[in-house]
């Protein structure tokens, strides 16, 4: 029964000890940090490209809606105009 207790005590004692500074670990941390920054920059530029594309598509769609609305209004105006009952003088 007591044979299992010593390894658990060793891991608990190991966790309590302060970790010594290891310069080789710092190099890995710095490299990972640089990689994360690089990936974030690539992701950011890709997001900007998608946003610009969406903005262009939205503007194009709004222009099409405006043109369609304008043509239907013009068609209504032409249909709504009645010919004058009196012929114009001078023609």
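The values are calculated or read from the model by the stated rules, or taken from the named source; none is laboratory data. Note that the coordinates shown come from a computational prediction; the quantities given were computed from them, not determined experimentally. Note: ideal-geometry Cβ built from the backbone for every residue, glycine included; neighbour counts use all protein chains shown.
What the table shows:
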read-out	value
Pairs with Cβ under 8 Å, 6+ apart, first in segment 20-47 and on the phi < 0 side of the Ramachandran plot and at pLDDT below 90, second part of a helix (DSSP H, G or I) and exposed (fewer than 10 other Cβ atoms within 10 Å of the Cβ)	none
Pairs, first outside any helix (DSSP H, G or I) in segment 70-85, second modelled with pLDDT under 75 and surrounded by 10 or more Cβ atoms within 10 Å (Cβ to Cβ), C-beta under 8 Å, six or more apart	none
